[in-house]
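**Q** What follows is a single structure, and I will ask about it in a moment.
The values are calculated or read from the model by the stated rules, or taken from the named source; none is laboratory data. Quick caveat, the model's predicted, so the values are computed rather than measured. Cβ coordinates were reconstructed from backbone atoms using ideal geometry, including for glycine residues, and neighbour counts include every protein chain displayed.
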Amino acid sequence: MTHSKTGIHLSMSHAYDQTQYRPDIDGLRAIAVLAVIAFHAFPDYFKGGFIGVDIFFVISGFLISNILLKEMVQKKFSLIDFYTRRIKRIFPALLLVLIACLLYGWLLLLPNEFAQLGKHILSATGFITNFTLYQEIGYFNSRAELKPLLHLWSLGIEEQFYIIWPLLLFLVYRWKLLTLALIVVGLMISFALNIFYLTSDPEFTFYLPLTRFWELMLGSLISYFMLVKHDKSMHYFNKINPNILSGIGVLIIMMGVFYMENTLHFPGWWALVPTLSALFIISAGQNAYINRKLLANKVLVFIGLISFPLYLWHWPLFSFIKIVNPQESQVLITIAAIFLSFTLAIATYYFVEKPIRSKQKIVAIPLIAGMVAMALVGYMMTSEKILAQSSKISGIDNIIQAVGDWDYPGVRLKRSQFEGRKLFSQGNNPEKVLFIGDSNVEQYSPRIDKLMQENEPDIKSVIFASGGGCPPIPNVYSDSRIKCASLMDTAQTLLEDPKITTIVLGALWFKYFDTQRPSDYYYLENGQRYPLYSETEQGNGEIYLEKTYNALDNFFQLMNENNKKIYLLMSIPMGEEFDPLNRLERDFTGVKLINNTHKVSKNVLMPYQDIRTKLREVALRNGVTVLDPVDILCNDESCLTATAQGWPIYRDINHLRPFYVKEYITFFDEVLLSANQHNSNY
């Protein structure tokens, strides 16, 4: 039986053979979910476990397209039936996890964290978590492990595909277009966008459906060819031994899980590693030896059956553990969280998922009502109509105001572009001061803004060539900071501008020069990368540390050649002791406010004393004036963490708050004001 009018030529007997239950695909699901859990639990050992999500995408595209194509050819397709099945499949476990996160978040989270959780719950109910996370991207955004629903970005992409794909296939069916053309063209466009945006906007590529749909459509392509009776098109493909296909697929996945790095430009071309591997395994068929013996193993099949609730449960548990214990989690606690994830997944599968899926379609209505109710709760949390338990703690508002307090670029710094790089500038004076560095330079903009308001038009203009996590050192890069790559090229070009008379170079220097601190920064020499972290495989951090200092030295020399007045801005004291959250204590029963001194011992500087000394030597050698915030923040014995009134002066472990910078950090006055003006005002 064929249905040539649709452009889909199916042998129905063949279709029934290929669309019957395949235990090996549940085994592949198990490998995918185990890879993701292993990556989240032990990222140092399972570096590429994140590719499990990409395997899920291919599996989902394959199974959904199998169902859709078969039903359309049999003239049994119904959008209502399709979406009813999706609701019964997705909503029960998701609602249960959202409720659990809501309740435990109410107990454990701070007011601002609870409001953010509400936003993520609201996004999850609309399956737009990926869009929400993309909007939240920024250097100072909450760390990933502190977002209990972060993992739902992938569910958002899948559900967005499930909304669009059936409609497109149905239109092809009705309008007699070629299904294969739709799949191939859609796949190619999505993959091309994935490559195009990878360097200019890697977060866009990672989170948004346009650059991810190709992975699901790859599964659709497999489905199409396994259902289609096109002997010529399948002739060469069928010549490949299915055991070889499956073996190559499993081997590459295993190598990817252990050796791929999450610092790679991903998805991009690298996403072909897991997706093509999944294609090989699925295409090999359930009778291939590895599929039959390994993937169809009862243990893997069972894990595959519970993979959806297992995926839903594992990350919130890991996240809440990190929230309670922000330091490195102990192995036993992590293993306990994995065990609990499996326990909750099994219970969810047998007592929630299976009973609901066996019900008639009318059960979809209360599930939809439950999701709408959860969306309303999320909105009320976001709008602070429902507050966390911690909001009742006296004095917590003072801490919450400090966390996340930031004022760069503010309202008066104007955005501009210079050779493709985003800059910010302020002032109309032809004489300019160029600030180069990372967020530790940007944190001083409130003081500069204050000087601008009080002394304009005589004060010098300012330009910020900076970026969060961007080292102002030639030849030092990080793959996780793609947008920093052009910083030093821009800075060196700006040196040629005669109107720029003064340079201020500043950064969290400890971040780049401390070879004992875990880091993905590297020194690039003759095309070869040399990690600036001693515990890498090369173990050469100490060797290339000296080259990094020399690169900074040479940069100062270049400034001198361009007749610039140069200032080296040292780092502020840093550490957990300065974090306003250090005044709080959390355990698995809730949040407590603990007593905390307004000062810490000056010994906090000891781990970085060698770096401070070396930087001063480089500055002295080049006639560079040193600006040191330690002179303001510390005395001979201690360093400040709060004002006398108890207001935290830090926003986190290594950034000052705007109000403190604005009123107390005065060493920029000599940089921006003329000598006469400086003396008349102070």
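**Q** Find the helices (runs of 4 or more DSSP H) located wholly in segment 215-333 whose residues include 2 or more that are out of contact with any Lys or Arg (no Cβ under 9 Å at 6 or more places or on another chain), modelled with pLDDT under 90 and among the aromatic types (F, W, Y), and list them.
**A** 231-238
**Q** Inside segment 606-629, can you point out the residues that are in contact with a Phe, Trp or Tyr (Cβ under 9 Å, 6 or more places away or on another chain), hydrophobic (A, V, I, L, M, F, W, C) and more than 14 Å from I566 (Cα to Cα)?
**A** Within segment 606-629, just I611 meets the criteria.
**Q** Mind checking which residues of segment 572-617 are β-branched (V, I, T), in contact (Cβ under 8 Å) with a residue 60 or more places away in the chain and either under 24 Å from K392 (Cβ atoms) or not in a loop (DSSP other than H, G, I, E, B) (or both)?
**A** Taking segment 572-617 as the starting set, the residues that turn out to be β-branched (V, I, T) are 572, 589, 591, 594, 597, 600, 604, 611, 613.
From what is left, the residues that are in contact (Cβ under 8 Å) with a residue 60 or more places away in the chain are 572, 589, 591, 611.
Listed by number, the residues that qualify are T589, V591, I611.
**Q** Within segment 185-212, how many residues are touching a Leu at 6+ places or on another chain (Cβ under 8 Å) and within 14 Å of V58 (Cβ to Cβ)?
**A** 2
**Q** Go through (1) part of a helix (DSSP H, G or I); (2) modelled with pLDDT of 95 or more; (3) hydrophobic (A, V, I, L, M, F, W, C) and name the single condition I386 misses.
**A** So I386 meets the others, but not (1).
**Q** Can you name the residue in segment 334-374 that is part of a helix (DSSP H, G or I) and of a type in the set (D, E, K, R) and, of all such residues, is farthest from L94 (Cα to Cα)?
**A** Of segment 334-374, the ones part of a helix (DSSP H, G or I) are 334-357, 361-374.
Pick out the ones that are also of a type in the set (D, E, K, R) and you get 353-354, 357, 361.
Working: E353: 10, K354: 14, R357: 14, K361: 18 Å.
Only one residue fits best here, namely K361.
**Q** Tell me which residues, restricted to segment 32-58, are in contact (Cβ under 8 Å) with a residue 24 or more places away in the chain and either within 21 Å of S220 (Cβ to Cβ) or acidic (D, E) (or both).
**A** The answer is A32, I51, G52, V53, D54, I55, F56, F57, V58.
**Q** Still on this structure: Answer yes or no as to whether S307 is among the polar types (S, T, N, Q), in contact with a Leu (Cβ under 7 Å, 6 or more places away or on another chain) and crowded, with 16+ Cβ neighbours inside 10 Å. Can you show your working first?
**A** Values: among the polar types (S, T, N, Q): yes; in contact with a Leu (Cβ under 7 Å, 6 or more places away or on another chain): no; crowded, with 16+ Cβ neighbours inside 10 Å: yes.
No; evaluated as a whole, the condition is false for this residue.
**Q** Just one of D397, D458, D438 is modelled with pLDDT of 90 or more and among the acidic types (D, E); which is it? Give the steps one after another, and end with the answer.
**A** Working: D397 fails: modelled with pLDDT of 90 or more; D458 fails: modelled with pLDDT of 90 or more.
Going through D397, D458, D438 in turn, just one is modelled with pLDDT of 90 or more and among the acidic types (D, E): D438.
**Q** With (1) out of contact with any His (no Cβ under 8 Å at 6 or more places or on another chain); (2) among the charged types (D, E, K, R); (3) over 30 Å from I321 (Cα atoms) as the list, and R657 as the residue in question, which single condition is left unmet?
**A** For R657, the failing item is (3).
**Q** So for segment 374-390 (the condition being aromatic (F, W, Y), over 30 Å from S486 (Cα atoms) and out of contact with any helix residue (DSSP H, G or I) (no Cβ under 9 Å at 6 or more places or on another chain)), does at least one residue qualify?
**A** The answer is no; no qualifying residue exists.
**Q** Please verify whether S78 is within 28 Å of the chain's Cα centre (by Cα), of a type in the set (S, T, Y) and within 27 Å of V172 (Cα to Cα), treating the condition exactly as stated.
**A** When the stated conditions are applied, S78 does not pass them.
**Q** When only residues in segment 621-646 that are more than 36 Å from the chain's Cα centre (by Cα) and among the aliphatic types (A, V, I, L, M) count, which is nearest to T597 (Cα to Cα)?
**A** Only one residue tops the list, namely A644.
**Q** Now a separate question. Does Y197 satisfy the criteria of being among the aromatic types (F, W, Y) and in contact (Cβ under 8 Å) with a residue 60 or more places away in the chain?
**A** Numbers: among the aromatic types (F, W, Y): yes; in contact (Cβ under 8 Å) with a residue 60 or more places away in the chain: no.
Criteria not met by Y197.
**Q** Answer yes or no as to whether V377 is out of contact with any Pro (no Cβ under 6 Å at 6 or more places or on another chain) and either not in a helix (DSSP H, G or I) or not assigned by TED's automatic domain parsing to the domain that holds F82 (or both). Give the derivation first.
**A** Numbers: out of contact with any Pro (no Cβ under 6 Å at 6 or more places or on another chain): yes; either not in a helix (DSSP H, G or I) or not assigned by TED's automatic domain parsing to the domain that holds F82 (or both): no.
Here the answer is no, as V377 does not meet what is asked.
**Q** Does segment 60-71 contain at least one residue that is in the same structural domain as I157 (by TED's automatic domain parsing), hydrophobic (A, V, I, L, M, F, W, C), in contact with a Ser or Thr (Cβ under 7 Å, 6 or more places away or on another chain) and crowded, with 18+ Cβ neighbours inside 10 Å?
**A** yes
**Q** Pull up segment 441-488, narrow it to residues that are polar (S, T, N, Q), over 19 Å from M559 (Cβ atoms) and crowded, with 21+ Cβ neighbours inside 10 Å, then point me to the one that is farthest from the chain's Cα centre (by Cα).
**A** The qualifying residue farthest from the chain's Cα centre (by Cα) is S445.
**Q** Quick check on I51: is it part of a helix (DSSP H, G or I) and either more than 20 Å from the chain's Cα centre (by Cα) or not assigned by TED's automatic domain parsing to the domain that holds A388 (or both)?
**A** No; evaluated as a whole, the condition is false for this residue.
**Q** In segment 142-155, is there at least one residue being charged (D, E, K, R), more than 26 Å from F225 (Cα to Cα), assigned to a helix (DSSP H, G or I) and without any contact (Cβ under 8 Å) to a residue 60 or more places away in the chain?
**A** Looking through segment 142-155, none of the residues is charged (D, E, K, R), more than 26 Å from F225 (Cα to Cα), assigned to a helix (DSSP H, G or I) and without any contact (Cβ under 8 Å) to a residue 60 or more places away in the chain.
**Q** When only residues in segment 651-663 that are over 16 Å from M570 (Cβ atoms) and assigned to a helix (DSSP H, G or I) count, which is nearest to the chain's Cα centre (by Cα)? Lay out the reasoning, then the answer.
**A** First, the residues of segment 651-663 that are over 16 Å from M570 (Cβ atoms): 651-653, 657-660, 662-663.
Now drop any that are not assigned to a helix (DSSP H, G or I), which leaves 658-660, 662-663.
Details: P658: 26, F659: 29, Y660: 30, K662: 32, E663: 35 Å.
Only one residue tops the list, namely P658.
**Q** Can you report the number of residues in segment 376-402 which are surrounded by fewer than 18 Cβ atoms within 10 Å (Cβ to Cβ) and closer than 30 Å to D81 by Cα?
**A** 2
**Q** Out of Y162, Y173, Y134, which single residue is modelled with pLDDT under 85 and either touching a strand residue (DSSP E or B) at 6+ places or on another chain (Cβ under 9 Å) or aromatic (F, W, Y) (or both)?
**A** Residue meeting the stated conditions: Y173.
**Q** Could you please find all residues in segment 254-278 being surrounded by fewer than 18 Cβ atoms within 10 Å (Cβ to Cβ) and either at positive phi or of a type in the set (D, E, K, R) (or both)?
**A** Across segment 254-278, the qualifying residue is only E261.
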